[in-house]
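Take a look at the structure set out below.
The values are calculated or read from the model by the stated rules, or taken from the named source; none is laboratory data. Given the structure is predicted, the values throughout are model-derived calculations rather than measurements. Cβ atoms come from the backbone with ideal geometry, glycine included; neighbour counts cover every protein chain shown.
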Amino acid sequence: MPPFGYRLVFNVSGLISEYADIAYVLRDGAVEAIPSLTEAQHVEFPEIGELEAFVTSGGSGTAPWTFQGRVENYEYKTLRYPGHYDKMRLFKECGFWSTDPLLLDGQEIVPRSVFESVIEPVLRRGEGGDQVLLLVEVVGRAGNRNFVRLREFADEARGLSAMQRMTAFPTAIAAHEIARGSIAKGCVPFESSLPGDLMMEALVKRGVSFEVRVEG
């Protein structure tokens, strides 16, 4: 995974969008827009060790608006190995992700397009399967805390990466429920379309395991 402690398993433009675009969160009951690649913190993950978490765009989806008035805070951060955050911040601060055209040696170029073309093969280096880590922390009004932890690996026997499994499985489950008629017709936010318990049970049937812990 050198030199960035990360191996790309999906579209490079999507990755840079997560790092460059505005993120939306719910704080103190209000939806706020905040810049991505900010508010880094250290997180300990069992069997992995220390990771860093930081704000990225897209992960919260429509949830801040859906849950407004029901919860006070809703935030999403991406996990990476230590060191990745600072390296990506450097590219962002130096303008490598700008979409404003520049004239270079008589040719018009877009810095972000050049950056993505150069870094994609670097980020795809490495061997072995990927893994998906998820840590959810819910704090109640009385101070009680619920944790859900997931660590999912690639299925090399079936040729599926962990990212493919954790992207395709929820989509397939939702499609199955649509076919059954259990999801309301029309445009429905994903987080409102299915009960969380149903989604987790369906994922467990597909070999995904969760660790659930309650404190307080």
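For the range 58-112, name all the residues that are under 19 Å from Phe4 (Cβ atoms) and without any contact (Cβ under 8 Å) to a residue 60 or more places away in the chain. Show your work before the answer.
So the first thing to find is which residues in the range 58-112 are under 19 Å from Phe4 (Cβ atoms), and the list is 77-97, 111-112.
Lys77, Leu79, Tyr85, Asp86, Arg89, Leu90, Phe91, Glu93, Cys94, Gly95, Phe96, Pro111, listed by residue number.
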(1) loosely packed, with under 12 Cβ neighbours inside 10 Å; (2) more than 30 Å from Met88 (Cβ to Cβ): which one isn't true of Asn146, the others all being true?
(1)
Anything in the range 171-201 that is closer than 21 Å to Glu137 by Cα and either of a type in the set (Phe, Trp, Tyr) or surrounded by 14 or more Cβ atoms within 10 Å (Cβ to Cβ) (or both)? List them, or say none.
Phe190, Glu191, Leu194, Met199, Met200
Among the numbered conditions (1) over 16 Å from Leu8 (Cα atoms); (2) free of Cβ contacts under 8 Å to residues at least 12 places away in the same chain; (3) loosely packed, with under 11 Cβ neighbours inside 10 Å, tell me where Val138 comes up short.
(3)
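Can you confirm whether Glu50 is of a type in the set (Asp, Glu), within 25 Å of Phe115 (Cα to Cα) and modelled with pLDDT of 95 or more?
When the stated conditions are applied, Glu50 does not pass them.
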Do we find a residue being farther than 23 Å from Leu150 by Cα, without any contact (Cβ under 8 Å) to a residue 12 or more places away in the chain and not in a strand (DSSP E or B) anywhere in the range 32-48?
no
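Yes/no per residue for (1) under 14 Å from the mean Cα position of the chain (by Cα); (2) not in a loop (DSSP other than H, G, I, E, B); (3) not basic (Lys, Arg):
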| site | (1), (2), (3) |
| --- | --- |
| Ile16 | yes, yes, yes |
| Ala53 | yes, yes, yes |
| Ser57 | yes, no, yes |
| Lys87 | no, yes, no |
| Gly95 | no, no, yes |
Among the residues of the range 9-65, write down those that are under 23 Å from Arg165 (Cα atoms) and of a type in the set (Val, Ile, Thr).
Val9, Val12, Ile16, Ile48, Thr56, Thr62
